[in-house]
Amino acid sequence: MMPAAWPRDDPRATRLLHIDPARRTFVDGTIGALRTLLREGDLLVVNDAATLPGSLSGVTESGAPLEIRLGGEQADGSWRAVLFGAGDWRTRTEDRPAPPALAPGATLRFGVLTASIVVVDEQSPRLVSLEFDARGADLWRQIYRAGRPVQYAYAARALGLWDVQTAYAARPWAAEAPSAGFSLTWDLLLELRRRGIGIASVTHAAGLSSTGDATLDARLPLPEKYDVSVATVAAISATKARGGSVVAVGTTTMRALEGASSAGRLVAGEGTTDLVLGPLTRRAVVDGILTGAHEVASTHFTLLESFAPRPLLERAHAFADALGYLGHEFGDAFLILGPREDRS
């Protein structure tokens, strides 16, 4: 499946493949088909995390060039980050040279912003924790001044921060965009609400999708923080009580909701989840998912096996590919959702 090289001028043109895991069928349409595929009483849950300008280019103390990609702020105020060597976004991450070897205490400079490495991961020296010399509002100002969003080698040109935000983006928690929501325009969301379909949100710190290090990539996604509000828990409880279905927009939303579920009960508040979705995942909260189209060999594709068997997903993917669906962050969408009576 060819990757979409740029965000659509009109998100309403996004194609949507509805996969029905109960009937083993799939139907081509556009994102507007959500108006009829979702029913009165259903609930659509989005991830409202805004995308950070988390790619910073700088130098080591010896002047060696490198790039860091922030993976999120940690509870102690340090930041998880992945190091990349010389080069820029035009080169695929797996083809970028390795970064210089660095040890705890090493200083990195990104213009006027300085960071010190605190911890180097034992399994992958490219994964580090670092502390910036600035704090609070001053740090955020400098990150937004020095950084830019994570770039993709298949993109037609460099992405601006405005290119990687959903319509409802709020707190800047996401290392990469929760891109399953790109096609959800305000006019579509408002129409869904008029039809009796609820809209709720979580905030989930969507992490990096690729690091260029096969060993580290195999560990993705790393533990990520989330925040599930009392209002969202109440909306989900009411949806379940009336027999409606909860549909997550993106795997990050599902990770937040299932990660916040304990003994089958969804708990409001902030937390961290290391949940890895797959064919053995037992879902306690989410009935269906709206997600981007990705390659069969990708980790993302494996995550979808928590909703449908792989042979069906592979047939659906081949069907979409033959119709010219586009993949990756700015591509088309899949909705995996069965008839209401079969959703579980």
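The values are calculated or read from the model by the stated rules, or taken from the named source; none is laboratory data. Keep in mind it's a predicted model, so treat the numbers as computed, not measured. Because the Cβ atoms are built from the backbone with ideal geometry, glycine has one as well, and the counts that use them run over all protein chains shown. Side chains included, ligands, DNA and RNA excluded: accessible areas come from the protein's heavy atoms. Shrake-Rupley method; radii C 1.70, N 1.55, O 1.52, S 1.80 Å.
Being open to solvent by 10 Å² or more (accessible area, probe 1.4 Å), without any contact (Cβ under 8 Å) to a residue 60 or more places away in the chain and not assigned by TED's automatic domain parsing to the domain that holds ARG90 is true for just one of TRP186, TRP173. Which residue is that?
TRP186
Of everything in region 258-292 that is among the β-branched types (Val, Ile, Thr) and more than 15 Å from PRO309 (Cα to Cα), the residue that is surrounded by the fewest Cβ atoms within 10 Å (Cβ to Cβ) is VAL267. Taking the criterion of being small (Gly, Ala, Ser), in a loop (DSSP other than H, G, I, E, B) and in contact with a Leu (Cβ under 8 Å, 6 or more places away or on another chain), the residues of region 65-108 that qualify are SER78, GLY85, ALA86. Restricted to region 100-115, and to residues that are surrounded by fewer than 16 Cβ atoms within 10 Å (Cβ to Cβ) and among the aliphatic types (A, V, I, L, M), which residue is nearest to ARG148 (Cα to Cα)? By that ranking, first place goes to VAL112. Screening SER209, SER237 for residues that are modelled with pLDDT under 95, farther than 13 Å from VAL46 by Cα, open to solvent by 30 Å² or more (accessible area, probe 1.4 Å) and out of contact with any helix residue (DSSP H, G or I) (no Cβ under 6 Å at 6 or more places or on another chain) leaves exactly one candidate, SER209. For PRO97, indicate whether it is open to solvent by 60 Å² or more (accessible area, probe 1.4 Å), at pLDDT 95 or above and not assigned by TED's automatic domain parsing to the domain that holds ARG255. Criteria not met by PRO97. Evaluation of PRO311 against the conditions (1) touching a helix residue (DSSP H, G or I) at 6+ places or on another chain (Cβ under 6 Å); (2) surrounded by fewer than 22 Cβ atoms within 10 Å (Cβ to Cβ) shows that the sole unmet condition is (1). Filtering region 58-83 to residues that are open to solvent by 20 Å² or more (accessible area, probe 1.4 Å) and out of contact with any Phe, Trp or Tyr (no Cβ under 7 Å at 6 or more places or on another chain) leaves VAL59, GLU61, SER62, GLY63, ALA64, PRO65, GLN74, ALA75, ASP76, ARG80.
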